[in-house]
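Only one structure is covered here, and it is reproduced in the block below.
Nothing in this text is a laboratory measurement; each read-out follows from the coordinates by a stated rule. Nothing here was measured: the structure is a model prediction, and the numbers come from that model. So basically every Cβ, Gly included, is an ideal-geometry build from the backbone, and we count neighbours across all protein chains shown.
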Amino acid sequence: MDLYNLDGLEYLNLVKAGAYNLINDVDRINMLNVFPVPDGDTGTNMRLSIEGGIKDEFNDIKISSNAKKIARGMVLAARGNSGVILSQFFYGLSKGVDGFDTIAPKDFAKALLKATERSYRAVETPTEGTILTVMRESGEYLNENLDKVDTFIDLFNLYIKRAKISLENTPNLLPVLKKAGVVDSGGAGLILVLEGMLKYLNGEKLDSILKVKDTNSTNNYYSGSAVQNDASKKVHKKYATVAVANGRGLLVSLKEMGVDIIVSGGQTMNTSTQDFIDAFNCLDADNIFVFPNNGNILLAAQQAANNYDKANIIVIPTKTLVEGYSACSMLNFDSDNLDEIKSELLSSFENLSTLEVTYSVRDCVINDVDIKKGDYISLYDGELISSNKMRIEALKEAFKGISDIEDKAIVTLIVGSDVDDSEVEEISEYIKSLNSYIEIYPVRGEQDIYSYIIGLE
């Protein structure tokens, strides 16, 4: 390999080597989760995203052409916040190498700055102490030390050296990481990709990189009646809706509320950009409202909206299933005013808090709460507030710890597949003992992973 100039085929091999190195250690990245919940999937999301960029055939030798094709594949395959940011990193990199047939190390270093800039732009409110910080600090360091760079090995050695320092400092920038005793998982995944590239440059045998799994979508789509895949059978609508959910009960409820297409997804099954685009293509509408219903799916929904031109896509930023449930219950297009409809949907969950109950996958201490593997834990608006070996007790402790429970008027209990009716009755009675005026609406969602997803307003 030419260590002084990089063409399109060798760039492809670098990306493949990075993907293989990530695949080899993906479980460790998944375990770098802030909370010990069973949905740690950063590594999986990054793997599926990068695999999407290299699964096609490549015949061009120009780096500009191959970088563009790889980036496009990653953007469509991207899922989860980390996967979307990674895809935008490679998209920015493709812009940085645009116009080059081959590229020298110092020009490639400048392209890495464009990659970081694009990644920051993908996030509405960038947070330091994440993969973004690792990208930025390592890129800036590299470009400040270009006098030490002659070959691509020099480049990646410097880049990775600074990236590792940045990664170790992420807990000092993001308190939630320090509380959990972990570094940023996205940043750790990025370093694995970079280390794979360096291994290739150093001549390590990486034949297995040619056997990357196909990432064709396996998602399922449900409509209010039957999925309309034949364009001739589509019914044109001014307004249509797409929502992400899992659990048979929730699917039925959302259909009854008028949701047109439901994408099966959520915790551990993050919806990709392409999944959303496929769902949009099942519709014939002027305007499509999208409800991601998961904070880790929101960026993919927004990325899909930016890559779709057959309809006006409006992403309603629902970050939990109960937020989405609340918003979809307010679906009403009678006003025929896009701004009014959007405003009403946004206001439907403006004052809604979310309480989620699941189980712990590791021992840890967070917010002074001693958690053992297998314990049930409660998260209230993203903060861990209780842990107990008994699920009902963990939930009672959580409700007791909500300081303004007496001010709440409505509780929506979206109940998981592992909860029986007697437990729902017991927790309902307990909530009533804390606030006798509160209205409780149980919904048999039948979702997995989270036994309860509860909305309080």
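Overview of results
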quantity	calculated
Peptides 17-29, 371-383 ordered by average Cβ neighbours within 10 Å, highest first	17-29, 371-383
Using alpha-carbon coordinates, inclination of helix 391-400 to the longest axis of the chain, degrees	80
Mean Cβ count within 10 Å, highest first, over the residues of peptides 250-262, 145-157	250-262, 145-157
Size-normalised alpha-carbon gyration radius of the chain, reference 2.2 N^0.38 Å	1.04
Rounded to the nearest 20 debye, dipole of the stretch 47-91 from Cβ charges on Lys, Arg, Asp, Glu	100
Rounded FRET efficiency, nearest 0.05, which uses the C-beta distance separating ASN332 from ILE153 and R0 of 45 Å	0.15
Pairwise label distance in nanometres, ASP309 with ARG362, each label 7 Å out on the Cα-Cβ vector	4.5
Cβ-based net charge around GLN447, under 13 Å, with every Lys or Arg adding one and every Asp or Glu removing one	-3
Tail weight of P(r) past 24 Å, computed on alpha-carbon pairs of the stretch 314-403, percent	38
Taking N as its residue count, the alpha carbon Rg of the stretch 54-123 over 2.2 N^0.38 Å	1.07
For ASP418, net neighbour charge (Lys/Arg +1, Asp/Glu -1) across residues whose Cβ lies under 10 Å away	-3
Over 21 Å (Cα to Cα) - which of LYS372/LYS432; LYS16/LYS69; LYS106/LYS161; LYS69/LYS106; LYS179/LYS372; LYS62/LYS110 fall in this group	LYS372/LYS432; LYS69/LYS106
Cα-based radius of gyration of the stretch 1-44 once divided by 2.2 N^0.38 Å, which approximates compact folds	1.65
Cβ charges +1 (Lys, Arg) and -1 (Asp, Glu), total dipole of the stretch 353-456, debye	180
Helix-only mean residue ellipticity at 222 nm for the chain, each DSSP H run of n ≥ 4 adding -39500 (n - 2.57), per residue, nearest 500	-14500 deg cm²/dmol
Per-peptide average of other Cβ atoms within 10 Å, ordering 195-201, 48-54, 418-424 highest first	48-54, 195-201, 418-424
Pair-distance profile P(r), taking every C-alpha pair of the stretch 8-211, with 5 angstrom steps and integer %	1, 8, 16, 22, 23, 16, 9, 4, 1, 0
Length added when fully stretched, ASP286-TYR441, from 0.36 nm per residue minus Cα-Cα	52.4 nm
Estimated D of the stretch 353-456 in µm² per second, where Rh is the Kirkwood radius over Cα pairs and Stokes-Einstein applies at 37 °C, 0.692 mPa s	240
Taking only Cα atoms of the stretch 221-347, radius of gyration then Dmax in Å	13.1, 37
Estimated D of the stretch 408-457 in µm² per second, where Rh is the Kirkwood radius over Cα pairs and Stokes-Einstein applies at 37 °C, 0.692 mPa s	300
Per-pair calculated FRET efficiency, R0 = 51 Å: GLU429 and ASP56 via Cβ, rounded to 0.05	0.35
